[in-house]
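Trainee: Submitted below is the structure of interest, expressed as structure tokens.
The values are calculated or read from the model by the stated rules, or taken from the named source; none is laboratory data. This structure is a prediction, so every number in the text was calculated from the model and none was measured. Neighbour counts are summed over all protein chains in view; Cβ atoms, including those assigned to glycine, are modelled from backbone coordinates with ideal geometry. Side chains included, ligands, DNA and RNA excluded: accessible areas come from the protein's heavy atoms. Shrake-Rupley method; radii C 1.70, N 1.55, O 1.52, S 1.80 Å.
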Amino acid sequence: MSVFRQFEKVNRELWVVFSLFIIAAVMNFVVSGGRMVLAFYTLPTIFSAYHYGRRHATLTALASVLLVVLLVWYKPEILQTPQVRFRGDAWLDIVVWAGILLVTGYTMGSLYEHKDKQLNELRETYTGILMILRQFISNDKYTENHSYRVSVYATKIAAQMGMDSQRIEDIRAAALLHDIGKLDVSRQILYKAARLNENEVAEMQEHVSKGAAILEPVGGSLRRVLPIILAHHDKFDGSGYTPSQGENIPIEARVIAVADVYDSLTSDRPYRKATAPYEARETIVQGSGTEFDPKVVDAFQSAFRKGELEMPAFVV
């Protein structure tokens with residue numbers, strides 16, 4: 001699949017033109033009504049407009065017209081039927097069809113580019129909102145940049161696991177917002193240097209459900225990350241905040257759980273100093289199968305060995 005995608009990026013037009021020849025070869029034998037053949041030559045233009053935009057759609061439409069003209073020139077019977085012989089007026093049909101096809105390709109391609117531009121603007125707005133929310137979450141020296149670092153670690157781990165771009169984006173968003181519920185947690189508890197008592201632990205654990213409650217009215221893409229945020233403190237063996245375990249925990253939450261603990265271990269906290277990265281890695285590995293999903297831990301180790309979990313100094 002990766003080889004196909006790389007080749008597609010190198011030469012998209014080649015696939016479109018190749019599809020024209022496939023259509024010409026198949027339809028000329030399958031379709032008995034010659035005039036119906038023209039309808040099939042619109043398919044590559046529609047496909048190109050939907051996936052590649054105005055320029056590719058217009059070029060594809062032009063290629064379709066040229067190919068039909070060549071086929072009819074050398075094989076006039078392609079548009080003949082037993083009732084209708086191919087005469088000069090049939091060229092007018094081809095000219096009209098060609099004009100409609102070119103306009104269709106240009107218009108549909110323009111609509112695609114307009115839609116793509118709007119999606120990019122929405123994506124930029126979405127990212128900006130995430131950044132603003134992160135600033136509210138990380139409003140003290142101990143948690144500053146924590147959510148951002150967790151998002152970086154989590155997306156690196158997810159990439160190692162071969163997840164698609166949509167799932168990685170959901171992981172990134174959930175990681176940026178996973179501690180938003182701490183906005184409603186007492187500052188005294190967050191800053192406390194000593195061990196939390198039972199009541200304080202219970203209040204701290206409520207930050208998960210409080211975070212989901214804050215985000216629930218938003219809807220849209222952020223609603224998809226709610227189950228991830230709700231489960232990011234669940235453990236693989238079921239000993240976490242909720243009894244969920246194993247595959248019942250969303251894979252995105254299992255990824256964030258590893259990233260969250262790794263960043264917590266390697267960052268200064270009110271009650272302890274940061275742990276060295278190699279020691280933190282050993283802690284993660286020891287928790288494989290109990291606290292963490294073994295598959296996620298394997299991906300974490302792979303990213304760690306490649307140096308992908310090293311964080312620039314300005315966000316540490």
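Trainee: For segment 252-269, which residues satisfy the criterion of being over 23 Å from residue 224 (Cα atoms), touching a His at 6+ places or on another chain (Cβ under 7 Å) and either modelled with pLDDT of 95 or more or not in a helix (DSSP H, G or I) (or both)?
Mentor: Keep residues of segment 252-269 that are over 23 Å from residue 224 (Cα atoms), which gives 262-269.
Going one step further and asking which of them are touching a His at 6+ places or on another chain (Cβ under 7 Å), we end up with 263, 267.
Listed by number, the list holds a single entry, 267.
Trainee: In addition: Identify all residues within segment 268-305 that are touching a residue at least 12 places away in the same chain (Cβ under 8 Å), farther than 20 Å from residue 162 by Cβ and open to solvent by 10 Å² or more (accessible area, probe 1.4 Å); write none if there are none.
Mentor: Of everything in segment 268-305, those that are touching a residue at least 12 places away in the same chain (Cβ under 8 Å), farther than 20 Å from residue 162 by Cβ and open to solvent by 10 Å² or more (accessible area, probe 1.4 Å) turn out to be 268, 269, 270, 271, 277, 279, 281, 283, 285, 289, 290, 291.
Trainee: Report the residue count in segment 214-232 for those that are assigned to a helix (DSSP H, G or I) and open to solvent by 60 Å² or more (accessible area, probe 1.4 Å).
Mentor: Initially, segment 214-232 is screened for residues assigned to a helix (DSSP H, G or I), giving 214-215, 221-224, 226-231.
Imposing the further condition that a residue be open to solvent by 60 Å² or more (accessible area, probe 1.4 Å) reduces the set to 214, 223-224, 227, 230.
Looking only at that region, the number is 5.
Trainee: Name the residue that is least open to solvent (accessible area, probe 1.4 Å), counting only residues in segment 161-189 that are outside any helix (DSSP H, G or I) and among the charged types (D, E, K, R). Walk me through how you get there before you give the answer.
Mentor: Keep residues of segment 161-189 that are outside any helix (DSSP H, G or I), which gives 161-164, 178-179, 185-186.
After this cut, where a residue has to be among the charged types (D, E, K, R) as well, the list is 164, 179.
Working: 164: 89, 179: 8 Å².
Residue satisfying both the conditions and the ranking: 179.
Trainee: Which of the residues belonging to segment 155-208 are among the charged types (D, E, K, R) and more than 24 Å from the chain's Cα centre (by Cα)?
Mentor: Of everything in segment 155-208, those that are among the charged types (D, E, K, R) and more than 24 Å from the chain's Cα centre (by Cα) turn out to be 182, 184, 187, 192, 195, 198, 200, 203, 206.
Trainee: Quick check on my filter: what residues within segment 255-306 are among the acidic types (Asp, Glu) and within 24 Å of the chain's Cα centre (by Cα)?
Mentor: If we filter segment 255-306 for residues that are among the acidic types (Asp, Glu), which is where we start, we get 260, 263, 268, 279, 282, 291, 293, 298.
Hits for segment 255-306 are 260, 263, 293, 298.
Trainee: Going through 26, 30, 37 one at a time, which residue ends up being open to solvent by 80 Å² or more (accessible area, probe 1.4 Å), at negative phi and at pLDDT below 75?
Mentor: Values: 26 fails: open to solvent by 80 Å² or more (accessible area, probe 1.4 Å); 37 fails: open to solvent by 80 Å² or more (accessible area, probe 1.4 Å).
The unique qualifying residue is 30.
Trainee: Do any residues in segment 146-159 that are on the phi < 0 side of the Ramachandran plot and aliphatic (A, V, I, L, M) have Cβ atoms under 6 Å from those of residues that are in a helix (DSSP H, G or I) and surrounded by fewer than 24 Cβ atoms within 10 Å (Cβ to Cβ), where the two are at least six apart or on different chains, and which pairs are they?
Mentor: Qualifying pairs under 6 Å: 150/260; 157/299; 157/303; 158/168.
Trainee: Collect the residues in segment 233-250 that are open to solvent by less than 30 Å² (accessible area, probe 1.4 Å) and modelled with pLDDT of 90 or more, keeping them in residue-number order. If you could, list the steps in order and put the result at the bottom.
Mentor: Just the residues of segment 233-250 that are open to solvent by less than 30 Å² (accessible area, probe 1.4 Å), to begin with: 234, 238, 240, 246, 249.
Once the filter is applied, which keeps residues that are open to solvent by less than 30 Å² (accessible area, probe 1.4 Å) and modelled with pLDDT of 90 or more, segment 233-250 yields 234, 238, 246, 249.
Trainee: Further question: What is the number of the single condition among (1) open to solvent by less than 90 Å² (accessible area, probe 1.4 Å); (2) at pLDDT 85 or above; (3) in a helix (DSSP H, G or I) that residue 94 does not meet?
Mentor: With respect to (1) open to solvent by less than 90 Å² (accessible area, probe 1.4 Å); (2) at pLDDT 85 or above; (3) in a helix (DSSP H, G or I), residue 94 is out only on (2).
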